[in-house]
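A.B. asks: Would you mind keeping the following structure in view while I ask a few things?
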Amino acid sequence: MERTYVMVKPDGVQRNLVGEIISRLEKKGLKIVGLKMLQIPRELAELHYGEHKGKPFFEPLVEYITSSPVVAMALEGKDTVGTVREMMGTTDPLDAAQGTIRGDFGMDIGRNVVHSSDSLESAARELGLFFAPEEIIEYKKELDSWIYE
Ligand code: IDP
Ligand code: MG
């Protein structure tokens, strides 16, 4: 089992896409093990997107992600990092396949609705940035045995 960090970005929240996005992930069979809304402080945004510091889109990206609340999630399941990346689609929504979240709901690379970790290492790092250990809850669901053999 893997855990990944997923976030509905400010545009997703403003455009009433929180339920739709959580619903897709939930229906796939991913288990929500952490969930909250927050307004990201600048320092946290700069840490989260640290790998992009110095790039031309860094400053607008930090402005965007701190402009309005986000919904942060920890999701658990088999091969979860890769699965959610596929469900999310490529960075530019205009290139993203139809049927993916970005492909279905986005029009601009600077407003691409959702974030998810790109590797197990970034997942661990990002989950650590956004959730305190006690905010991630390990629990059993009756449905587990209907989702995994
Ligand atoms: P990802 O979100 O698909 O992992 P990254 O390359 O890690 O894509 O970029 C992080 C975020 O930075 C993107 O989701 C997008 O919001 C923003 N971004 C990336 N490239 C550009 C760009 O060329 N112009 C504007 N924003 C960008
Ligand atoms: Mg990325």
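A.B. asks: Report every pair of residues separated by at least 6 positions or lying on different chains whose Cβ atoms are under 9 Å apart, first residue within segment 103-120 and polar (S, T, N, Q), second part of a strand (DSSP E or B) and within 14 Å of ligand 2 (Cβ to nearest atom).
C.D. replies: Cβ pairs passing all conditions: Ser116/Thr4; Ser116/Tyr5; Ser116/Val6; Ser116/Met7; Ser117/Thr4; Ser117/Tyr5; Ser117/Val6.
A.B. asks: Output the residue which, of all residues in segment 10-27 that are farther than 11 Å from Met87 by Cβ and among the aliphatic types (A, V, I, L, M), is surrounded by the most Cβ atoms within 10 Å (Cβ to Cβ).
C.D. replies: Looking only at segment 10-27, we keep the residues that are farther than 11 Å from Met87 by Cβ, and these are 10-20, 22-23, 26.
Pick out the ones that are also among the aliphatic types (A, V, I, L, M) and you get 13, 17-18, 22.
Details: Val13: 18, Leu17: 22, Val18: 16, Ile22: 18.
For segment 10-27, the residue satisfying everything is Leu17.
A.B. asks: Suppose the filter is within 15 Å of ligand 2 (Cβ to nearest atom) and outside any loop (DSSP other than H, G, I, E, B); does Leu75 pass it?
C.D. replies: Numbers: within 15 Å of ligand 2 (Cβ to nearest atom): no; outside any loop (DSSP other than H, G, I, E, B): yes.
No.
A.B. asks: Would you confirm, using the coordinates I've provided, whether Met73 is touching a residue at least 60 places away in the same chain (Cβ under 8 Å), touching a helix residue (DSSP H, G or I) at 6+ places or on another chain (Cβ under 7 Å) and of a type in the set (A, V, I, L, M, F, W, C)? If you could, list the steps in order and put the result at the bottom.
C.D. replies: On the way: touching a residue at least 60 places away in the same chain (Cβ under 8 Å): yes; touching a helix residue (DSSP H, G or I) at 6+ places or on another chain (Cβ under 7 Å): no; of a type in the set (A, V, I, L, M, F, W, C): yes.
Taking the combined requirement at face value, the residue does not satisfy it.
A.B. asks: Are any of the residues in segment 89-108 under 14 Å from the mean Cα position of the chain (by Cα) and surrounded by fewer than 14 Cβ atoms within 10 Å (Cβ to Cβ)? Write out each step before concluding.
C.D. replies: Within segment 89-108, the subset under 14 Å from the mean Cα position of the chain (by Cα) is 89-91, 100-102.
With the extra rule that they be surrounded by fewer than 14 Cβ atoms within 10 Å (Cβ to Cβ), the set shrinks to 91.
The answer is yes; a qualifying residue exists.
A.B. asks: I'd like to verify a number: residues in segment 111-135 that are surrounded by 14 or more Cβ atoms within 10 Å (Cβ to Cβ) and in a loop (DSSP other than H, G, I, E, B), how many?
C.D. replies: 5
A.B. asks: Shifting gears a bit: Kindly check whether there is at least one residue in segment 37-48 that is away from ligand 2 (no atom under 16 Å from the Cβ) and assigned to a strand (DSSP E or B). Spell out the reasoning first.
C.D. replies: Taking segment 37-48 first, the residues away from ligand 2 (no atom under 16 Å from the Cβ) are 37-39, 41-43.
With assigned to a strand (DSSP E or B) added as a condition, the list becomes 37-38.
Yes, segment 37-48 contains at least one residue that is away from ligand 2 (no atom under 16 Å from the Cβ) and assigned to a strand (DSSP E or B).
A.B. asks: All but one of (1) within 16 Å of ligand 1 (Cβ to nearest atom); (2) touching a residue at least 60 places away in the same chain (Cβ under 8 Å) hold for Ser67; state the number of the condition that does not hold.
C.D. replies: With (1) within 16 Å of ligand 1 (Cβ to nearest atom); (2) touching a residue at least 60 places away in the same chain (Cβ under 8 Å) applied to Ser67, the lone miss is (2).
A.B. asks: Okay, next question. Of the residues in segment 28-51, how many are surrounded by 14 or more Cβ atoms within 10 Å (Cβ to Cβ) and either touching a strand residue (DSSP E or B) at 6+ places or on another chain (Cβ under 7 Å) or within 18 Å of Asp108 (Cα to Cα) (or both)?
C.D. replies: Residues that pass the stated criteria total 8.
A.B. asks: Here's a check for you: in segment 52-62, which residue that is more than 12 Å from ligand 2 (Cβ to nearest atom) and without any contact (Cβ under 8 Å) to a residue 40 or more places away in the chain is surrounded by the most Cβ atoms within 10 Å (Cβ to Cβ)?
C.D. replies: Within segment 52-62, the match that is surrounded by the most Cβ atoms within 10 Å (Cβ to Cβ) is Val62.
A.B. asks: Step by step: first the residues of segment 4-24, then only those that are in a helix (DSSP H, G or I) and within 16 Å of ligand 1 (Cβ to nearest atom), then the one that is farthest from the chain's Cα centre (by Cα). Which residue is that? Before the answer, list the steps.
C.D. replies: Taking segment 4-24 first, the residues in a helix (DSSP H, G or I) are 10-14, 18-24.
With within 16 Å of ligand 1 (Cβ to nearest atom) added as a condition, the list becomes 10-14, 21.
Working: Pro10: 12, Asp11: 13, Gly12: 11, Val13: 12, Gln14: 16, Ile21: 10 Å.
The qualifying residue farthest from the chain's Cα centre (by Cα) is Gln14.
A.B. asks: Collect the residues in segment 73-124 that are among the basic types (Lys, Arg) and within 18 Å of Ile32 (Cα to Cα), keeping them in residue-number order.
C.D. replies: Within segment 73-124, Lys78, Arg85 qualify.
Coordinate-derived values only; no laboratory data. As the structure is a prediction and not an experimental result, all values here were calculated from the model. So basically every Cβ, Gly included, is an ideal-geometry build from the backbone, and we count neighbours across all protein chains shown.
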